[in-house]
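In what follows, a single structure is set out as structure tokens and then discussed.
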Amino acid sequence: MSQNATNNDTPLTATRARMQAALRAAGRDADAAQLIAISKTKPVEAIAPLLAAGHRRFGENRVQEAAEKWPALKQAHDDIELHLVGPLQTNKAKEAVALFDVIQSLDREKLARKLAALKDAAGHGADFPRLFIQVNSGEEPQKSGIEPAQLAAFYGLCTDELGLDIDGLMCLPPQDEAAGPHFALLKKLADELGVSGLSMGMSGDFETALGLGATHIRIGTALFGPRE
Ligand SMILES: *Cc1c(COP(=O)(O)O)cnc(C)c1O
């Protein structure tokens, strides 16, 4: 319990306080990173208190679930920023482009080509989600994402050939390894490409991620409690 803990502490205020402390400890500005509340599997009733407290950045990992929960909430709060952090099938890409403000899971060429076609069809100047490339930092065969050795070529395909803007990189480190080396690798890869967004860090390791340069942390359990 921190010295400042009061009866008004909520998971949101407690998480924000830990986030600010980690940024301060790293010598970073208080606004150098964004908190994305990952509300997957959680009902609208669990999301409402965060909205009431003024929180606006949320993430989901399934298009179908997001399509059931978020259109009404977005209608009620026009400044919500919704992130997709789970795998995107190309046949759901059009729906995802309409629903999400940020797609963090761009992880293969077929999806990049589909997103580029949707962007072209939307036309110049139309709203289009910001994009993060998901990197398979642990080179795990079962996990999606671009392998580090392929990243530069994939980034070139997205930007030069397909005309997509890439805001950053995202990773989900292997569960049975220390996350720090994966976060450091993602930071190095982002610096090499010259992209500024770094989505890394979850409930169990976000302070480590903030110390290594995370600009977006994706927090579920610490805000909403355990999932079923
Ligand atoms: C579920 C999920 C999170 C949040 O994980 P917690 O450990 O509950 O904070 C973050 N990122 C992705 C991609 C997820 O699927």
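Using the average count of surrounding beta-carbon atoms within 10 Å as a protection proxy, the listed peptides 158-166, 200-208 rank, highest first, as 200-208, 158-166. Distances between placed amide hydrogens fall under 5 Å for residue 134 paired with 106, 107, 146, 170, all partners being 5 or more residues away or on another chain.
For the pair residue 51 and residue 143 in one chain, pulling the backbone fully straight at 0.36 nm per residue adds 29.9 nm over the alpha carbon distance.
Convex hull of alpha carbon positions in segment 51-91: directionally averaged projected area 3.1 nm². Extension gain for residue 120 to residue 21 (0.36 nm times residue separation, less C-alpha to C-alpha distance): 31.4 nm. Between rounded, prolate and oblate, where does segment 64-185 land on the alpha carbon gyration tensor, with a ≥ b ≥ c its root eigenvalues, rounded for a/c under 1.5, else prolate if a/b exceeds b/c? Oblate, since a/c reaches 1.5 and b/c is not below a/b.
Order 93-101, 144-152 from most to least packed using the mean count of other Cβ atoms within 10 Å.
Packing proxy ranking, top to bottom: 93-101, 144-152.
With protein chains left intact and a 1.4 Å probe, residues in segment 140-228 average 46 Å² of accessible area per residue.
Bridging of residue 94 to lysines at a Cα separation below 29 Å is possible for 40, 42, 69, 74, 110, 114, 119, 143, once same-chain residues fewer than 8 apart are set aside. Computed 3J(HN,Hα) for segment 166-172, one whole-Hz value per residue from the Karplus formula 6.51 cos²θ - 1.76 cosθ + 1.60 where θ = phi - 60°, is 10, 8, x, 10, 10, 9, 10, glycine and proline marked x.
Please work out the Kirkwood hydrodynamic radius for segment 11-224, using every pair of different C-alpha atoms, and report it in angstroms with one decimal place. Can you show the working numbers first?
Details: mean 1/r = 0.0571 Å⁻¹.
Result for segment 11-224 stands at 17.5 Å.
Carbon-plus-sulfur accessible fraction, segment 11-224 (probe radius 1.4 Å, protein heavy atoms only): 50%.
The values are calculated or read from the model by the stated rules, or taken from the named source; none is laboratory data. Given the structure is predicted, the values throughout are model-derived calculations rather than measurements. Note that each Cβ is placed from the backbone with ideal geometry, even for glycine, and that neighbours are counted across all protein chains shown. Remember, those area values only see protein heavy atoms, side chains included, never the ligands or the DNA or RNA. Shrake-Rupley method; radii C 1.70, N 1.55, O 1.52, S 1.80 Å.
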